[in-house]
Amino acid sequence: MEILRRIAVFLMAIGFVSAGLYFADYHLTILAFLDEYQPAAGLAIGGLGLVALLVTVAMGKKPAEAPQTEQA
């Protein structure tokens, strides 16, 4: 599960950074093939990473235990 979380953070970083740098007229080499679709492609990749991160966090939580009552 840890590797999926790291991939999600990586996707968020390159996606959102790519979208932000588009306005400074700077392009990330790893996403050069998507230059004509920026900033929407960067935001979509970042959003995909965010969803993946939220899913891994939700799957990693343990269910809450029911309170135990004493029986007399």
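Could you state the per residue volume, in Å³, of the convex hull enclosing the Cα atoms of the chain?
Taking only Cα atoms, the chain has a hull volume of 88 Å³ per residue.
What length, rounded to one decimal in nm, is gained on full extension from Phe23 through to Met59, with 0.36 nm per residue of separation minus their alpha-carbon distance?
Gain on extension, Phe23 to Met59, equals 9.4 nm.
GluC sites (Glu not before Pro), restricted to the chain: which are DSSP loop and have at most 15 other Cβ atoms within 10 Å?
Counting only loop positions with at most 15 other Cβ atoms within 10 Å, the GluC sites (Glu not before Pro) in the chain are Glu65, Glu70.
In nanometres, what is the gap between the two model label sites at Leu43 and Val9, each 7 Å from Cα along Cα-to-Cβ?
A separation of 2.6 nm, rounded to one decimal place.
If each DSSP helix of 4+ residues adds -39,500 (n - 2.57) and the sum is divided by the residues in the chain, what number results at 222 nm, nearest 500 deg cm²/dmol?
Helix-only estimate at 222 nm: -20000 deg cm²/dmol.
Taken together, the values in this text are just the output of simple stated rules run on the coordinates, not laboratory data. The shown structure was predicted, so the numbers you read here are calculated from the model rather than taken from an experiment. Don't worry about glycine lacking a Cβ; one is built from the backbone with ideal geometry, like all the others, and counts go over all protein chains shown.
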